[in-house]
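Structure, as structure tokens:
The values are calculated or read from the model by the stated rules, or taken from the named source; none is laboratory data. These figures come from a predicted structure and were not determined experimentally. Glycine gets a Cβ as well: all are built from the backbone with ideal geometry, and neighbour counts include every protein chain shown. Quick note on the areas: whole protein, heavy atoms, side chains included, nothing else; ligands and nucleic acids left out. Shrake-Rupley method; radii C 1.70, N 1.55, O 1.52, S 1.80 Å.
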Amino acid sequence: VQLQASGGGLVQAGGSLRLSCVASGIVFSINDMAWYRQAPGKQRELVAGITSGGSTKYADSVKGRFTISRDNAKKTVYLQMNRLKSEDTAVYYCYSVRGRYESWGQGTQVTVSS
């Protein structure tokens, strides 16, 4: 299983980024997908998740600013991040799960300058 995340970078506060995660080695359409993040000195936390059926959930801190979506034909999950804040600075990880089988991507750095 491979989860290849991309799209991170340096952006000013108030700006936007879109993260992408391309999956291989799994039947993407039946996996639940999510984005986590880990800031320096902090625990990894759930940012947003999307089920195989398309239901979504978000951390309170990103509600109304971030949108998770998926394209099963492209085996890709996206995280559209708008109105970014300095506290969104972290390494963002793609995650997939189906029953007891889970996988993590390698992470992509997002840095928001104030």
Open item on the list: So residue 74 ticks every box in (1) without any contact (Cβ under 8 Å) to a residue 40 or more places away in the chain; (2) touching a helix residue (DSSP H, G or I) at 6+ places or on another chain (Cβ under 9 Å) but one. Which box is left unticked?
Closed with: (1)
Open item on the list: Checking residue 11 against (1) out of contact with any strand residue (DSSP E or B) (no Cβ under 6 Å at 6 or more places or on another chain); (2) over 19 Å from residue 105 (Cα atoms): exactly one of these is not met. Which one?
Closed with: (1)
Task: Flag if residue 2 is open to solvent by 60 Å² or more (accessible area, probe 1.4 Å) and either touching a Gly at 6+ places or on another chain (Cβ under 9 Å) or at pLDDT below 95 (or both) - done: yes
TODO: Would you check if there is a residue in the range 52-65 being acidic (Asp, Glu) and either within 18 Å of residue 112 (Cα to Cα) or not in a loop (DSSP other than H, G, I, E, B) (or both)?
DONE: no
- [ ] Select from the range 44-77 the residues that are among the small types (Gly, Ala, Ser) and farther than 14 Å from residue 88 by Cβ and write down the one among them that is nearest to the chain's Cα centre (by Cα).
- [x] 49
- [ ] Consider residue 75 carefully, then state whether it is over 26 Å from residue 114 (Cα atoms) and among the charged types (D, E, K, R).
- [x] yes
Open item on the list: What are the pairs with Cβ atoms under 8 angstrom where one residue, in the range 41-67, is touching a residue at least 12 places away in the same chain (Cβ under 8 Å) and within 14 Å of residue 79 (Cβ to Cβ) and the other, located anywhere, is assigned to a loop (DSSP other than H, G, I, E, B) and open to solvent by less than 50 Å² (accessible area, probe 1.4 Å)? Sequence gap at least six, or different chains.
Closed with: 45/59; 46/59; 47/59; 47/62; 48/59; 48/62; 65/84
Task: Subset tally (residues that are open to solvent by 10 Å² or more (accessible area, probe 1.4 Å), outside any loop (DSSP other than H, G, I, E, B) and over 23 Å from residue 112 (Cβ atoms)) for the range 5-49 - done: 5
Task: Hits in the range 65-96 (condition: surrounded by fewer than 15 Cβ atoms within 10 Å (Cβ to Cβ), closer than 16 Å to residue 29 by Cα and touching a strand residue (DSSP E or B) at 6+ places or on another chain (Cβ under 9 Å)) - done: 71, 74
